[in-house]
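Below is one structure, written out as C-alpha cells; the observations come after it.
Please treat every number below as a calculation from the coordinates, not as lab data. The shown structure was predicted, so the numbers you read here are calculated from the model rather than taken from an experiment. FYI the Cβ positions are ideal-geometry reconstructions off the backbone, even for glycines, and counts take in every protein chain you see.
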Protein chains: 2
Amino acid sequence: MKIIVQKFGGSSLTTKERRVQAANKVIVAKREGYANVVVVSAIGRIGDPYATDTLINMAKEVNRDVIPRELDLLLNCGEIISAVVLCQVFTGLGYDATVLTGAQAGIITDRAFTEARILRVNPEKILKNLKENKIVIVAGFQGVTDEGDLTTLGRGGSDTTASALGVALNAEFVDIFTDVDGIKTADPRIVKNARTLEVITYNEICQLAHQGAKVLHPRAVEIAMQKNIPLRVRSTFEDSLGTLVTNYGDTYNTVEISSDRLLTGITHVPNITQLKIFTNKSENTKGLELKIFRAMALSNISIDFINVHPHQVIFTVKDDDALKAEKIIENIGLTAEVLPGCAKVSAVGANMAGVPGVMSKIVEALTEENIQILQTADSHTTIWCLVRKEDMEKAVIALHKKFNLS
Amino acid sequence: MKIIVQKFGGSSLTTKERRVQAANKVIVAKREGYANVVVVSAIGRIGDPYATDTLINMAKEVNRDVIPRELDLLLNCGEIISAVVLCQVFTGLGYDATVLTGAQAGIITDRAFTEARILRVNPEKILKNLKENKIVIVAGFQGVTDEGDLTTLGRGGSDTTASALGVALNAEFVDIFTDVDGIKTADPRIVKNARTLEVITYNEICQLAHQGAKVLHPRAVEIAMQKNIPLRVRSTFEDSLGTLVTNYGDTYNTVEISSDRLLTGITHVPNITQLKIFTNKSENTKGLELKIFRAMALSNISIDFINVHPHQVIFTVKDDDALKAEKIIENIGLTAEVLPGCAKVSAVGANMAGVPGVMSKIVEALTEENIQILQTADSHTTIWCLVRKEDMEKAVIALHKKFNLS
C-alpha cells in the first residue's frame, strides 16, 4: 500500500469552494493509486466560531486563567469540527471517508498540555480504515496521553501531526497544503520577484523557519527528517508541485537536488528591541551576563542576538517584552541603552559555511542602500543583521538582489 | 463520600449570569458536604454557534447525509465546549474543578450512533477526582464504544448521563436543573393555576413523559428507578427543592409521599391525524390490520391510538406523516377517512387503575365544555382522548379543573 499524507491548513478550509479544492487534491492522489490520510487544522476564518482563537477567547471571557488541560479539551473541538465538515465533502462526492480524532488515530503524547510532544504513534486504526479503501481524515494538532487526557501540540501542531503520521505510516509523501505555492526565496509581499524554490533541504527549511519565515514548523521538519520522509509544501489553489523538502542528493520523479546554491533565502523578523548594558571598566563584572540571562529566563523573556564582551552585554528581545526587560535590568542595579523598533534580516543557506566573502557581500549590499547595520551574528548556515525597522524591507530587497535569488 | 450529581440543561448555561446561578447550585451542595459531579448539555441558545442544532446544520450544509459515526464526533464537541465554559466559572470563583468527556468519565455505550445506549459506567476517573476534592464536570449526552468510537445518547441524553452516573456512583440525589421549578400538573402556559408536584413516582413521571409532557426522558427515569436513586427536577433560577422523583412510601428529609392522589397531571400532544379505514362487510379482511401496520412500520411511521374492529381500523399518525400514510393505504388498495389537526389529551395517574368513574368524569368534563371526543383509549395509568386541535387547550383546562389538580 503506497500512502500519502496530505495536510490542509485552516485557510484552505474556510469556504465551501476552498474545501472542494482541497478535496480535489486528495482525489487526484487517490486516482494516482495512493491510500489517503488527510490531516486538517481548525477552520481558520477570522471571527469563525470554530476557529482556535474564538474557542480560546470564549473560555477567557469567563475567566482569564484557563487550566491547560481543560483548554486542550476545548481546542480539540476545533479540528474535530473541521475534520467532520471536510468528511462531508468527500461523502457528498461519493467517496468513502471517515474521521479519526488525534486519540483515535493513535497519537500518544506527553502530558505537557498546550505544548505536548508526540511520544509515539499507534497507526493500527488508520491502517485498518485505509485497507477498507477509506479516505482517513485525522484531526490535526491533537493527541492523547497514556492516561486518556486529550492534549494539543502547540504552534504548527497540524504540520507535526502530518509529519508524525508520515513517519509512522512510512508515507511516500507528506504534502503540506497552504495558500502559497511553496517556499519562497523571500516574502513576496516585500520582494516582488521572490522565487518559489523547487527543492529545499530539511536543514535549510528549519533555518528559514527559525529565522522567521512562515513556513513549516521546525518540529514537523525534524520528525520527517529522521526517517527521510519527503515533505512537499504546496498550494491548495494552484496546480504546481510546490517545494519538495528532502535531503541533498535524493532524487524524485522529476526533480534532482542541486547542491550549488549558496543561499536559500532571505527572511525577516520585525518588532525587536536591542538592549545594550555597559559597566564601568573598574567594576568587577564577573558573572554579570549570567545574572542578566537568568533573570530574563525566570521572567520567561526569550532573548536573541547575544553578544557578550568583558564590560558590555548586548542582546535583543521582542518589542512587547522590552519594558519588562528594562525593569529587570534596573532591578539588578544596571542601566540599559534601549533601542526599540529594530528588525532582524537573515541570509539563510546551508552551503554558505566556509565560503569566503558572504559577509562582505551582505555588508556591501546594505551599505550601498545606506542601511545602518546595528549588529550582526552568524552561524554556519545563517548570517543575521539587525537594522532599523524602517530599513527592513529595503534590506531584504537588497540582499535578495545581491545574491541573485530571483 | 456522599455524592450528588447535578445536571444543567442548555437553557441554564446560555448567559454568564445563568452559568453563575448554575454554579451556585453546585456550590450550595458542596457546602452541604457533597462531593460534586456536574453534568452539562450543550449551550442551547437559539442560533448559538455551539448549540447542537447549529453543529448539525453545519454538517448538513455541506451534504445532507451525515454518517452517524461522524455526526456523533461533531456533536460531542457541543457538550465539551459547554463543560469547559462552566469549569471556567468554578475556577474563576476559586474552586478546583476539572472536565471529563463522556469517554473519560467511563460511559461505555453500544455502537448505535446518534441513539447509543449505555452498557456500563467505569467511574474510577470520576472517583479519583472527587477524592482530590475537585468539582467534576462531565460532558453529558455522550459516551464511547469499547472500540474507542465516540457516540451520543439521543434525545434526553444528558438526563440519561446524569442518571447513569447517579447509579454508578450511588449518589444521594440526581438533580435535573431546568428553567421550570419542577413537574407541573399541566402545561402552565395553558393552565394558569397548574401546580408544581412536590413528589412524583418513577412510574408517574414516565407516563407523563410518554404522554407528551416535556420533563425527564423516560430512559433516564428507568435507569434511576433500577437502583432507586432519587431524582429531583429543579429550577436553576429559583430556590425551591422542585419535584422529587422516587418510589411510593420512601421518605426523605422533609417530604413523605402520599399515595391518595388519583391523577398526577394532564398532558397534551397536538398535530395528530386520525385515519379510519373501513372495508365492505362481505370482503375477507382477515389479516388486514397486520398488512397496514407492517406497511407503516416499513416506512418508519409510528402509529398510535389503535382501534381494531372486524371491518374497521382506526389509528393516528403525526400530521407530518399523514400524506405518506394515506399513500401507503391506497397502495394496499384501501381508502382512508382522514381527519388532520387533532390533538391527544391525556389524564395520567398511577392510582386510577380500578377506580370506578374516572372515564365518566372525563367525558363529563369535556361534554360540559362542548368538546367532541373523537376517540378514547385507556391503560391502567392513563386515559387518552382525541379531540380537535382547536379544543385542546379548553380540554386540558377542563380536565385539570374537574380533578382538582390546582
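Values of log10 I(q)/I(0) for the range A:133-213 across q = 0.16, 0.19, 0.21, 0.25 Å⁻¹ run -0.80, -1.02, -1.15, -1.36, by the Debye formula with one identical scatterer at each alpha carbon and no solvent. With r defined as the distance between the Cβ atoms of B:LEU262 and B:SER302 and R0 fixed at 25 Å, what FRET efficiency is calculated, to the nearest 0.05? Step by step, r from the Cβ atoms, then E = 0.25.
Seen from a random direction on average, the alpha-carbon convex hull of the range A:200-244 projects onto 3.2 square nanometres.
Each 10 Å bin from zero holds the following percent of Cα-Cα pairs in the protein assembly as shown: 2, 11, 17, 18, 17, 13, 9, 6, 4, 2, 1, 0, 0. Find how many whole Å separate the alpha carbon centroid of the range B:97-168 from the alpha carbon centroid of the range A:179-242. The two parts, judged by their Cα centres, are 44 Å apart. Between copies, the label points of A:ARG155, set 7 Å from Cα on the Cα→Cβ line, lie 5.0 nm apart, reported in increasing order to one decimal in nanometres.
Since only B:THR246, B:GLY148, B:ASN122 are under comparison, the one whose Cα sits farthest along the positive direction of the charge dipole of the range B:121-259, derived from C-beta charges on Lys, Arg, Asp and Glu, is B:THR246. Taking the range B:176-204 and a reference point 7 angstrom along Cα→Cβ of B:GLU32, the backbone N atoms nearer than 12 Å belong to B:176.
Based on Cα atoms of chain B, Rg over Rh with Rh as the Kirkwood radius reads 1.01.
Of all DSSP beta bridges confined to chain A, the antiparallel ones make up roughly 60%. Over all directions, the projected convex hull of the C-alpha atoms in the range B:1-143 averages 8.5 nm² in area. The magnitude of the dipole of the range A:147-217, with charges of +1 and -1 set on the Cβ of Lys/Arg and Asp/Glu and taken from the Cα centre, is near 460 debye.
Bridgeable aspartates and glutamates around B:LYS318 (alpha carbons under 17 Å apart, same-chain partners fewer than 8 residues away excluded): B:ASP304, B:GLU326, B:GLU337, B:GLU390.
The other copies place their B:LYS214 label points at 4.6 nm from this one, listed shortest first, where each point is 7 Å from Cα along Cα→Cβ. Taking 4.7 Å between beta carbons as the limit, the unpaired Cys residues of chain B are B:CYS87, B:CYS206, B:CYS342, B:CYS385. Here the gap between A:ILE190 and A:SER406, fully extended at 0.36 nm per residue and compared with their Cα-Cα distance, gives a gain of 76.5 nm.
The phi torsions of the range A:352-368, fed into the Karplus equation with coefficients 6.51, -1.76 and 1.60 and a -60° offset, translate into couplings of 7, 4, x, 7, x, x, 5, 4, 5, 5, 5, 4, 4, 4, 6, 5, 4 Hz, rounded to whole numbers, with Gly and Pro shown as x. A straight Cα-to-Cα reach below 16 Å connects B:LYS2 with the aspartates and glutamates B:GLU32, B:GLU124, B:GLU132, B:GLU172, B:ASP175, residues fewer than 8 places away in its own chain not being considered. Gyration tensor over the Cα atoms of the range A:265-402: the corresponding equivalent ellipsoid has semi-axes (square roots of 5 times the eigenvalues, largest first) of 29, 16, 13 Å.
Close amide H pairs (under 5 Å, H built 1.01 Å from N) link A:GLN375 with A:LEU386, residues at least 5 positions away or on another chain. For the range A:290-336, the Stokes-Einstein estimate of translational diffusion at 20 °C and a viscosity of 1.002 mPa s comes to 198 µm²/s, using the Kirkwood hydrodynamic radius over alpha-carbon pairs. If both residues of a DSSP beta bridge must be in the protein assembly as shown, then about 60% of such bridges are antiparallel. The string of couplings for the range B:291-307 from the Karplus curve (6.51, -1.76, 1.60, θ = phi - 60°) is 4, 5, 5, 5, 5, 5, 4, 4, 8, 6, 9, 8, 10, 8, 6, 8, 10 Hz, one whole number per residue in order, with x for Gly and Pro. The ranking of A:ARG69, B:ARG234, B:ARG31 by Cβ neighbour count inside 10 Å, starting from the fewest, reads B:ARG31, A:ARG69, B:ARG234. Report, in whole Å, the centroid distance computed from the Cα atoms of the range B:294-325 and the range A:283-354. Using only Cα atoms to place each centre, the spacing works out to 81 Å.
Label sites at A:GLU337 and B:ASP179, each approximated as a point 7 angstrom past Cα along Cα to Cβ, lie 6.7 nm apart. Simple rule: put +1 on each Lys or Arg Cβ and -1 on each Asp or Glu Cβ in the protein assembly as shown, find the dipole, and look at B:LEU386, B:ALA194, A:ASN203; the Cα lying farthest toward the positive end is A:ASN203.
Specify the angular offset, from 0 to 90 degrees and rounded to the nearest 10, of the alpha carbon long axis of helix A:52-62 from the longest principal axis of the alpha carbons in chain A. Rounded to the nearest ten degrees, it is 70. Placing R0 at 41 angstrom, the Cβ-Cβ distance between A:GLU147 and B:ALA112 gives a FRET efficiency of 0.90 after rounding to 0.05. Take the Cβ atoms of A:MET359 and A:LEU93, set R0 to 56 Å, and the FRET efficiency comes out at 0.55. Sorted shortest first, the separations between the B:ALA112 label point and its copies elsewhere in the assembly read 4.5 nm; each point sits 7 Å from Cα along the Cα-to-Cβ line. Structure note, pairs B:LYS7/B:LYS394; B:LYS16/B:LYS184; B:LYS214/B:LYS402: Cα-Cα distances above 32 angstrom occur for B:LYS7/B:LYS394. Taking all Cα pairs closer than 8 Å and separated by 6 or more residues, the relative contact order of chain A comes to 13 percent. For chain B, the residue among B:ILE303, B:THR316, B:THR15 whose Cα projects farthest onto the positive side of the dipole built from Cβ charges is B:THR15. Here the 3J(HN,Hα) profile of the range A:390-406, calculated from phi with Karplus coefficients 6.51, -1.76 and 1.60 at θ = phi - 60°, is 5, 8, 4, 4, 4, 5, 4, 4, 4, 5, 4, 6, 4, 9, 6, 7, 6 Hz, Gly and Pro shown as x. Amide H to amide H, with H built 1.01 Å from N, B:VAL39 comes under 5 Å of B:GLN6, B:LYS7, B:PHE8, B:VAL138, counting only residues 5 or more places away or on other chains. Amide H contacts under 5 Å for B:ARG120: B:ILE108, restricted to partners 5 or more places along the chain or on a different chain, H placed in the peptide plane at 1.01 Å from N.
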